[in-house]
Amino acid sequence: QDRMIKNRLISSLRTLITTLLLILSNIAAIYLVDYISNDFAIGSWYNAIIIVMAVAIANALLWPIFRRFLMKIIIFTFGIGSLFINSIIFYISSYFIPGVSVGIYGALQVPIVMAIFTTFIVNITNTNYYDNYIKTILNYALKQKTPYKKRYPGVLMLEIDGLSINILKKAIDD
């Protein structure tokens, strides 16, 4: 019981630290693009924080909708379409922030740099959401009180395309 609480606390702390690192890296990405690009300016220093929060909220709200309707385009473009969608979300989010000026190239540069920084942080912190999902499912399955009981004997279905009946009979006889 105490070990499980300790593991959950460590997992929550790791998630919090990773989230803070992701936010800070995205702020750094915005400052970097502001420094190297003529097509993007953030104005005040706190606008970078506002932009990161606005993009995070917009991504949380809009990405499921975009993914539902534009998944074929994203797959067809091998993921580059998602960068264009992120550029649109970034452009719309930063349009409403006073003091921020974004051009088309700036709107394309910032999501690319943010994606690079995010990939770097996720790889450093060894964040793998799929593994966390599997661990949750396994923990749930292990907590089940009743053991699994077989009700029906198993059936094995085998289909081998191009295999003639004569070859199959010969394989069974040998």
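Which ones in the range 101-117 are surrounded by 16 or more Cβ atoms within 10 Å (Cβ to Cβ) and touching a residue at least 60 places away in the same chain (Cβ under 8 Å)?
VAL102, GLY106, ALA107, GLN109, VAL110, VAL113, MET114, PHE117
Across the range 36-56, what is the number of residues that are assigned to a helix (DSSP H, G or I) and not aliphatic (A, V, I, L, M)?
1
Name the pairs whose Cβ atoms lie under 6 Å apart, with the first residue in the range 77-89 and farther than 13 Å from VAL110 by Cβ, the second modelled with pLDDT under 85, and 6 or more positions between them or separate chains?
GLY81/ILE73; GLY81/ILE74; SER82/ILE74; ILE85/PHE66
I'd like to know if the range 20-29 contains one or more residues that are farther than 26 Å from SER94 by Cβ and either surrounded by 12 or more Cβ atoms within 10 Å (Cβ to Cβ) or free of Cβ contacts under 8 Å to residues at least 60 places away in the same chain (or both).
No, because not a single residue in the range 20-29 is farther than 26 Å from SER94 by Cβ and either surrounded by 12 or more Cβ atoms within 10 Å (Cβ to Cβ) or free of Cβ contacts under 8 Å to residues at least 60 places away in the same chain (or both).
I'm checking my understanding of the structure. Among residues of the range 1-52 that are of a type in the set (D, E, K, R) and more than 30 Å from ASN139 (Cα to Cα), which one is farthest from the chain's Cα centre (by Cα)?
Ranking the qualifying residues of the range 1-52, first place goes to ASP39.
Restrict the check to the range 50-64 and report whether at least one residue is open to solvent by less than 40 Å² (accessible area, probe 1.4 Å) and more than 22 Å from VAL100 (Cα to Cα).
No: the range 50-64 contains no residue that is open to solvent by less than 40 Å² (accessible area, probe 1.4 Å) and more than 22 Å from VAL100 (Cα to Cα).
Among the helices (runs of 4 or more DSSP H) contained in the range 60-174, which hold 3 or more residues that are at pLDDT below 80, over 15 Å from the mean Cα position of the chain (by Cα) and at positive phi?
Filter on the range 60-174 gives an empty set.
Kindly indicate whether PHE40 is of a type in the set (A, V, I, L, M, F, W, C) and open to solvent by 80 Å² or more (accessible area, probe 1.4 Å).
For PHE40, the condition - of a type in the set (A, V, I, L, M, F, W, C) and open to solvent by 80 Å² or more (accessible area, probe 1.4 Å) - is not met.
The values are calculated or read from the model by the stated rules, or taken from the named source; none is laboratory data. Fair warning: this is a prediction, and the values are worked out from it, not measured in the lab. Cβ coordinates were reconstructed from backbone atoms using ideal geometry, including for glycine residues, and neighbour counts include every protein chain displayed. Surface accessibility is based on the protein's heavy atoms, side chains included, excluding ligands, DNA and RNA. Shrake-Rupley method; radii C 1.70, N 1.55, O 1.52, S 1.80 Å.
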